[in-house]
1. Taking into account only those residues within the stretch 385-400 that are within 18 Å of residue 234 (Cβ to Cβ) and touching a strand residue (DSSP E or B) at 6+ places or on another chain (Cβ under 6 Å), which is modelled with the lowest pLDDT?
2. Suppose we filter 393, 361 for residues that are more than 25 Å from residue 348 (Cα to Cα), free of Cβ contacts under 8 Å to residues at least 40 places away in the same chain and in a strand (DSSP E or B); which single one remains?
3. Condition test on residue 198, is it in contact (Cβ under 8 Å) with a residue 12 or more places away in the chain and surrounded by 19 or more Cβ atoms within 10 Å (Cβ to Cβ)?
4. Looking at (1) at pLDDT below 95; (2) under 30 Å from residue 94 (Cβ atoms), which is the only condition residue 259 fails?
5. Within the stretch 24-49, can you find the residues that are within 30 Å of the chain's Cα centre (by Cα), surrounded by fewer than 23 Cβ atoms within 10 Å (Cβ to Cβ) and more than 24 Å from residue 188 (Cα to Cα)?
6. Test residue 371 against the stated conditions and say whether it is surrounded by fewer than 17 Cβ atoms within 10 Å (Cβ to Cβ), on the phi < 0 side of the Ramachandran plot and not in a loop (DSSP other than H, G, I, E, B).
7. Going by the conditions given, is residue 322 out of contact with any strand residue (DSSP E or B) (no Cβ under 9 Å at 6 or more places or on another chain) and surrounded by fewer than 22 Cβ atoms within 10 Å (Cβ to Cβ)?
8. What's the number of the condition residue 335 fails, among (1) touching a strand residue (DSSP E or B) at 6+ places or on another chain (Cβ under 7 Å); (2) surrounded by fewer than 17 Cβ atoms within 10 Å (Cβ to Cβ); (3) modelled with pLDDT under 90?
């Protein structure tokens, strides 16, 4: 993080508080439901509509808010409200991303490549059914959800799953419905995750627009891929790994930041390092990251947003490539692709940065901060995965760090991906994805064996069930 822009971490972002307050107003209205809104919910809708006055959405949102305030909103009105909420959060995303790029000292494309709408929208009747269910949710509100309301998603999801063009929305609706079902009845909830559920509802509503879920335009990438680190997410029934890397085109054009990811379902008994066994067969890049190697790409499909659509047929292992050398030399000059319109949300901000020469404060029971050029930035050690050798203690003792700048809880935070530190007077690097390709170390090998035993037991039980 260059010292000249380090102060940007704590500088206020103009208009941020007002935009988020407007989003919160709509989310409050959605908690109580829009079938018979109470006066406070009608006031919240009016506040939300005022925030959009004077914009291209202003008239339509004003009409939708008025209808919703008297319980007369149609699905088209709900769609307008979802679009307006998305536009507000998109503006927040853009403002924060400019600040994050300032922190990283990096340039970014300003306009994403346009998406090509399909000649024929997929299954319009199924999309209409999904929108109808989401409308029922909005009318019930989070306090009014029950199993009868939630069960309406099942048929919609079943109809969508066979169609690859609808699988993105089907997965969202399926997970959303499961989360709501686990919280029923809403009237007994002590705490409602209003922002999260409104995020999921709004995104799903926008994806019901024919063509909105169209796959992004793609090109091909030929050149050298230099991994920086792996961002790991693990849930009870799923795991995801996303590799952040610098891509150096073979034609000598400007290097750019790209990502390659894999997500897999998993049994809840496979945890920690065991998730790598489920993901390795789908992404050979994981082994390259673990071994500290570059990869040569030939015609690898890549989206306009910089996401590699990984295929082993287009990749081969190359020479060793140290992630910290990449971070010091190649990362500062790499450009970043623009974000697609529907993906503009503060929660999606994850800007790769390289820090060194910082002072560490806190750790253990105290929040950890790195102070760079006199400016502190909070370090989110809670995001350090258990699926790798990186620990909060190693982060606190580090002297250089590759990480992702994120926006969380109203502030920028650093998620460590790898650190340089000293162990027994020797300089070592520790990566969050260090066990991605396997591990001969004591900790990694023990975790691998435990995962292997768990998977073997599950396969045996599944085999017995099938034989019966």
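1. Let us first name the residues in the stretch 385-400 that are within 18 Å of residue 234 (Cβ to Cβ), namely 385-392.
Checking which are touching a strand residue (DSSP E or B) at 6+ places or on another chain (Cβ under 6 Å) leaves us with 385, 387, 389-390.
Working: 385: 89, 387: 86, 389: 91, 390: 93.
The qualifying residue modelled with the lowest pLDDT is 387.
2. Numbers: 393 fails: in a strand (DSSP E or B).
When all the criteria are applied, what remains is 361.
3. Details: in contact (Cβ under 8 Å) with a residue 12 or more places away in the chain: yes; surrounded by 19 or more Cβ atoms within 10 Å (Cβ to Cβ): yes.
It is true that residue 198 is in contact (Cβ under 8 Å) with a residue 12 or more places away in the chain and surrounded by 19 or more Cβ atoms within 10 Å (Cβ to Cβ).
4. With respect to (1) at pLDDT below 95; (2) under 30 Å from residue 94 (Cβ atoms), residue 259 is out only on (1).
5. 47, the sole residue that qualifies.
6. Numbers: surrounded by fewer than 17 Cβ atoms within 10 Å (Cβ to Cβ): yes; on the phi < 0 side of the Ramachandran plot: yes; not in a loop (DSSP other than H, G, I, E, B): yes.
The answer is yes for residue 371.
7. On the way: out of contact with any strand residue (DSSP E or B) (no Cβ under 9 Å at 6 or more places or on another chain): no; surrounded by fewer than 22 Cβ atoms within 10 Å (Cβ to Cβ): yes.
Judged against the criteria, residue 322 is not a match.
8. Unmet for residue 335, out of (1) touching a strand residue (DSSP E or B) at 6+ places or on another chain (Cβ under 7 Å); (2) surrounded by fewer than 17 Cβ atoms within 10 Å (Cβ to Cβ); (3) modelled with pLDDT under 90: (3).
The values are calculated or read from the model by the stated rules, or taken from the named source; none is laboratory data. In this text, all values refer to a predicted model and were calculated from it rather than measured experimentally. Neighbour counts are summed over all protein chains in view; Cβ atoms, including those assigned to glycine, are modelled from backbone coordinates with ideal geometry.
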